[in-house]
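Scroll down for the structure; my scribbles are underneath it.
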Amino acid sequence: MTDPLGGTIPPRRVVPPPAITSRPGAEPRTHDGAPRDVGVVIVAAGRGTRVGGEELKQFRWVAGRPMLLHSVQTFMARPDVALVVVVLPKSHAADPPPWLFQCDIDRLLVSVGGRERSESVANGLEDMPDEVRTVLIHDAARPLVPDDMIERVVASARDGHAVVPALPVVDTLKEVADDGTVARTVDRARLWRIQTPQGFPRDLIMRAHGEARRAQRTFTDDAGLCEWLGIPVRVVRGSERALKITDESDFARAEALSILQE
């Protein structure tokens, strides 16, 4: 298939979906009997332009592994995860980096990103198998997310909530005018720094993305989409380890955090 510009359109699904081995009508379960009902969408479709260089930011090595591989392996290590969908740029989705397949390929699927983040997430959601009841949406730029934080998000989402991990703002905040002078001090008492993964009941987040598509709205995170629809969003405690790698200095911070964990 070709697009209107004459380029080749890669298939959205380049890794086969996982086979379901449980008896018909039964919910897939882990070895200890817990449900395997969590699906993860890892958004890795950006170009990382603020870091610079030709290599995609999410493919650069940090703390001993490619950035994206950290997140994939962290979620794969959870027995309740049925599928991890990695959303890559169109230019890389048909030929993912070989190190990605160090993971459990029976629980791995690669999907093609869209023009906007919302479209990339929606593509990943469409690939979720039927047994998934809880969805986590994670930014690949946060490679060191700890499992105890993931567990807090999963627990709240399983209770039916849209949920985000976050940390309270501890710095003094100033609103600055266009001329570079301070306009006012902002009250930080109720301000939190939002992280990922964000968690949702599957039906809720699928409905929310459907509404956004019909309204032709895009959002920088999925909690913002829920807020737009009037859906309450719960907050659970995040982690300083779940930092977002945005520019070059953040790579050094991630390396330091990784060493401190050892």
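Computed from the coordinates by the stated procedures, all read-outs in this text should not be read as laboratory data. Just so we're clear, the structure is a prediction, and the values are computed from it rather than from any experiment. Glycine gets a Cβ as well: all are built from the backbone with ideal geometry, and neighbour counts include every protein chain shown.
Considering only the stretch 173-192, I want to know if a residue exists there that is free of Cβ contacts under 8 Å to residues at least 60 places away in the same chain, of a type in the set (Phe, Trp, Tyr) and assigned to a helix (DSSP H, G or I). No - not one qualifying residue is present in the stretch 173-192. Taken as a whole, the stretch 156-173 holds at least one residue that is loosely packed, with under 14 Cβ neighbours inside 10 Å, among the aliphatic types (A, V, I, L, M) and more than 15 Å from the chain's Cα centre (by Cα).
When Ala212, Ala242 are screened for being within 20 Å of the chain's Cα centre (by Cα), outside any loop (DSSP other than H, G, I, E, B), buried (at least 18 other Cβ atoms within 10 Å of the Cβ) and in contact (Cβ under 8 Å) with a residue 60 or more places away in the chain, only Ala212 passes. Determine whether the stretch 186-208 contains at least one residue that is exposed (fewer than 12 other Cβ atoms within 10 Å of the Cβ), farther than 23 Å from Arg117 by Cα and not aliphatic (A, V, I, L, M). Yes: one or more hits.
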